[in-house]
Ligand SMILES: [Zn+2]
């Protein structure tokens, strides 16, 4: 039988509705749908996929999640995710201490490391400035970045701002450049251009514009 409050059901948020639903499948779908890029539809598909596997898979997945969460923390120097503090990059004495690369997320460290081009150290901001979402300098690891450079006593010569080429990423880079220059370091930014293997015809205008601005002499 419907409750007397049923007319208000439409006003409830999705989260309230799921919290009320006690059945395990809805709970699983609700938790999965909190993941970035996962909507309710995908969450439902994932939930049914997990349920179709044998119990061992669910146990392995759950323990991998709990294990990762318990063992992984932030590196006290660069703020990337790590299971040892300082992280492997920060403890590598063969790296160049004069170079510091500033990125938005720990996954960016991983992507840049994959290229094996950069041999300096990193600093993870954990986001970008976004006044609309209430994210100001205090919400990011900016104070930590500035004090890290001050404490390096001139060891850091160049700070590479590797924020994403989005509006927020560019705003953050400009803000950081203004804060960093008075500290006497060279501030550079990644060149944004047409991706290797990409075609001008299929590249968006902004990328072509950036590529043109950052054009280099052919040696
Ligand atoms: Zn580190």
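The values are calculated or read from the model by the stated rules, or taken from the named source; none is laboratory data. For clarity, every value in this text was computed on a predicted model and none was experimentally measured. Every residue, glycine among them, receives a Cβ derived from its backbone with ideal geometry; neighbour counts consider all protein chains shown.
Within the option set 139, 150, 144, being surrounded by fewer than 18 Cβ atoms within 10 Å (Cβ to Cβ), within 16 Å of the ligand (Cβ to nearest atom) and in the same structural domain as residue 186 (by TED's automatic domain parsing) holds for one residue only, 144. Restricting attention to the stretch 105-123 and to residues that are modelled with pLDDT of 95 or more and within 16 Å of the chain's Cα centre (by Cα), the residue that is farthest from the ligand (Cβ to nearest atom) turns out to be 123. Here residue 99 passes the criteria (1) at pLDDT below 95; (2) away from the ligand (no atom under 16 Å from the Cβ) except the one numbered (2). Touching a strand residue (DSSP E or B) at 6+ places or on another chain (Cβ under 6 Å) and farther than 19 Å from residue 168 by Cα, is that true of residue 110? It is false that residue 110 is touching a strand residue (DSSP E or B) at 6+ places or on another chain (Cβ under 6 Å) and farther than 19 Å from residue 168 by Cα.
Taking the criterion of being surrounded by 19 or more Cβ atoms within 10 Å (Cβ to Cβ) and not in a helix (DSSP H, G or I), the residues of the stretch 104-131 that qualify are 104, 121, 122, 123, 124, 125, 128, 129. Scanning the stretch 52-93 for residues that are closer than 22 Å to residue 185 by Cα and either away from the ligand (no atom under 16 Å from the Cβ) or touching a residue at least 12 places away in the same chain (Cβ under 8 Å) (or both) turns up 77, 78, 79, 89, 90.
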